[in-house]
Structures are given as structure tokens and as C-alpha cells.
Amino acid sequence: MNNVETQTKKFGFSKEELEAFRKNGFAGPFTLYDSEDMKEITKKLRYSLLDRTDSIYEFNEDISEINDRANYDRHIDVPFLKDHIKHPKIVDKLTDILGENVLCWRSEWFPKYPGDKGTSWHQADTFEFSSGEPQLLWPSKEDFGGTITVWTALTDTTIETACLRFIPGTHEELFYDESKGVEFNPDAIHDGFFGYRYQNLQKDPDWVPDESLAKSMEMKAGQSIVFWSTLMHASHSHLGKTNNMRLGFAARYVPDMVSVYPGNPKELTEFGSTVSLEKYRTVAVAGTNRNPNNIT
Ligand SMILES: O=C(O)CCC(=O)C(=O)O
Ligand SMILES: [Fe+2]
């Protein structure tokens with residue numbers, strides 16, 4: 001690292017924090033925005049999501065505003081999100097973990113409505129489980145890679161309103177085999193893994209995650225948490241004691257050595273939507289993309 005970078009990097013990890021991240025597979029929560037400001041921004045954001053004039057995927061009328069998984073990647077066209085994915089409090093940590101050339105390759109919404117079941121335990125490495133094709137390819141396949149997810153609470157999230165759960169230190173062993181594939185069931189969208197039965201991907205069908213080790217990640221609106229997608233993660237159910245939905249915004253990052261959508265598929269089918277990847281691109285949030293397989 002040269003001196004200029006040392007001086008300009010204000011929000012990187014300390015040595016101890018980086019060690020703790022490597023051990024646990026997650027870090028945070030970190031406060032990015034004042035929680036009252038965030039709630040106001042979220043209201044406006046939900047309106048701007050309805051305007052698909054510049055979104056890279058077409059609107060799917062059959063599915064609601066947020067549950068429409070084709071509402072992926074709105075960091076490409078929505079101004080607040082364009083800035084958010086490059087927030088220094090995120091990027092300075094990402095470069096500590098992933099190196100100087102970091103791409104945002106995906107962003108998505110995680111709503112939980114009153115009464116929704118919690119997200120099932122899962123780990124994601126290639127994201128092949130839903131689309132049938134690996135979506136990420138790390139240069140060496142002996143090991144697994146996954147992606148760094150930065151999950152931002154757009155509303156307050158508590159144990160009663162479906163906050164995230166992590167099992168620390170589980171990010172270096174995969175208990176699921178995403179290549180098994182799993183059918184999407186639109187009737188189960190509010191039930192577990194947004195329409196997929198993730199348990200069906202378990203390497204050992206009889207294995208049960210040790211929930212006694214799980215940590216609940218309560219967050220205020222405006223806070224973000226950073227974790228490896230290969231960390232065992234899930235959420236509590238929304239108990240419905242308030243009428244407020246919980247909403248998370250997940251931005252996913254890889255170093256530029258990773259090829260995104262290897263083989264350049266023309267379409268992506270996931271969560272009941274098919275979208276054309278014609279206008280798809282990754283966004284460099286630090287450094288540049290030097291990988292010819294990636295579109296920027
Ligand atoms: O928000 C949730 O309930 C799940 C989020 C998640 O699985 C992810 O961001 O990878
Ligand atoms: Fe996940």
C-alpha cells in the first residue's frame with residue numbers, strides 16, 4: 001500500500017478488526033446514516049424504485065415492487081444507491097479484505113413483511129443454486145470464494161422484526177452443494193428462503209445447523225454489516241407485532257479477478273423472474289476492472 005492510500009483511507013479496519021473479520025466471517029454493524037434520515041431516504045427510495053426508465057432490467061408486472069427479483073442491480077440507475085455502494089465506510093473495508101480492485105456485481109432487496117417466516121440458514125458460494133449456472137468464478141477452483149455482502153438496514157431490524165442471524169466462523173466450510181439445484185415455488189415466497197427450500201441443498205440431509213451458536217444482528221436503520229456469503233446466515237421471522245415491514249439492501253462485491261456470469265449467459269432466471277443481461281455491467285467501487293471477462 002503506498003502512502004497516498006494510507007492517508008486517504010479513513011474507514012479501514014484496524015489489524016485486530018481485520019483478524020476478527022477473518023476469524024468470524026463478518027464485521028459490524030457500522031453506522032453509515034443517521035437512522036431518522038435513513039427512514040426518510042427509504043420512503044423516497046421506494047418511490048424511485050417504481051420508476052424503471054433507466055433500470056437495466058424490465059419491470060415484471062406480475063410481481064410486487066420489492067419482491068420482483070428483477071429489481072436487482074438498482075445501484076446502476078438510482079442515484080442514492082449509486083453513491084451508497086461506494087460509501088467510504090464500505091469501500092475502505094472492502095479494499096482491506098479484497099484488495100485494491102473491487103467490483104460491485106449485484107444488489108438486491110430483502111423485504112420481510114409482518115408474519116413472514118425467517119430466511120432459512122444458507123451459505124452461497126457460486127450462486128448457482130437458483131439459476132443453474134455459477135454466477136461467480138474465482139480463478140482457482142480448488143477452494144471456494146463467494147462474495148462479500150454488505151447488508152444495509154433500511155428500516156430498524158430487531159429479533160421481532162426479522163433481523164439477520166449469523167453463525168460466526170462458519171465461512172470456510174460449505175455445508176451445502178449449490179450445484180444440486182432447487183425448484184422455485186412462488187407460493188413459498190414468504191416462507192423461508194424467498195421461494196426456495198435451501199435445506200434441499202444440504203450435503204448431508206440429516207445435518208442440522210447448531211443454532212445455539214447463532215448471533216442475532218439487530219440493526220438500526222442506516223447501519224450496515226459486512227459478511228462473506230459463505231458464512232452461515234439466516235434471519236428471524238417477522239412476528240407481526242408491528243405493521244412495519246423490514247427492508248434490507250444487499251450489495252455484493254468481488255475482487256476483479258473473479259469472473260461474473262462466466263460464459264456470458266444472455267439471461268438470468270431467479271426467484272421466478274427471467275431478465276435479459278444485455279445491459280448488465282459490474283461497477284468498480286475501488287480501482288479498476290482488469291479482467292477481460294467482466295463487463296464494466
Ligand atoms: O435479508 C435476509 O433475510 C437474507 C439476506 C441474505 O441472505 C443475503 O444478503 O445474502
Ligand atoms: Fe444470503
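Every number in this text was worked out from the coordinates using simple rules, so none of it is lab data. Nothing here was measured: the structure is a model prediction, and the numbers come from that model. Using ideal geometry, Cβ is built from the backbone for each residue, glycine included, and neighbour counts are taken over all protein chains shown.
Overview of values
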| quantity | calculated |
| --- | --- |
| Gaussian network model of the chain, Cα within-10 Å springs - most flexible of His236, His87, His75 | His87 |
| Dipole moment magnitude, nearest 20 debye, the chain about Cα centre, only Lys, Arg, Asp, Glu C-beta charged | 700 |
| Normalised contact order of the range 74-175, rounded percent, pairs of Cα under 8 Å and 6 or more residues apart | 20 |
| Spatial separation of Cα centroids for the range 237-283 and the range 153-209, in angstrom | 15 |
| At 1.567 mPa s and 4 °C, Stokes D of the range 25-179 from Kirkwood alpha-carbon radius, µm² per second | 73 |
| Linear extension gain, Thr242 paired with Asp177, 0.36 nm per residue minus alpha-carbon span | 19.7 nm |
| Exposure proxy order (Cβ contacts within 10 Å, fewest to most) of Leu98, Leu154 | Leu98, Leu154 |
| Amide H contacts of Leu103 (H built 1.01 Å from N, under 5 Å, at least 5 apart or other chain) | Val254, Asp256, Val285 |
| Phi-based couplings in Hz for the range 251-266 (Karplus 6.51, -1.76, 1.60; Gly and Pro marked x) | 10, 10, 10, 9, x, 5, 5, 7, 8, 9, 6, x, x, 6, x, 7 |
| Amide proton proximity set for Phe193, modelled H, under 5 Å, gap of 5+ | Ser120, Tyr198 |
| Residue with peak Gaussian network fluctuation, the chain [Cα springs, cutoff 10 Å], from Ala250, Ala234, Ala188 | Ala188 |
| All-pairs Cα distance distribution in the range 22-286, expressed in whole percent, bin size 10 Å | 7, 31, 41, 20, 1 |
| ³J(HN,Hα), Karplus 6.51/-1.76/1.60, whole Hz, each residue of the range 95-101, x for Gly, Pro | 5, 4, 8, 10, x, 7, 10 |
| Mean Cβ neighbour count within 10 Å, used as a protection proxy, ranking 162-172, 270-280 highest first | 162-172, 270-280 |
| Filter on Lys23/Lys180; Lys43/Lys82; Lys44/Lys93; Lys43/Lys112 - keep pairs with C-alpha separation over 20 Å | Lys23/Lys180; Lys44/Lys93 |
| Cα→Cβ-extended label distance, 7 Å offset, between Thr288 and Glu133, nm | 2.8 |
| Distance (nanometres) between label positions extended 7 Å along Cα→Cβ at Glu19 and Lys266 | 5.3 |
| Relative contact order [Cα under 8 Å, 6+ residues apart], the chain, whole percent | 31 |
| Helical contribution to [θ] at 222 nm, DSSP H n ≥ 4, -39,500 (n - 2.57), averaged over the chain, rounded to 500 | -5000 deg cm²/dmol |
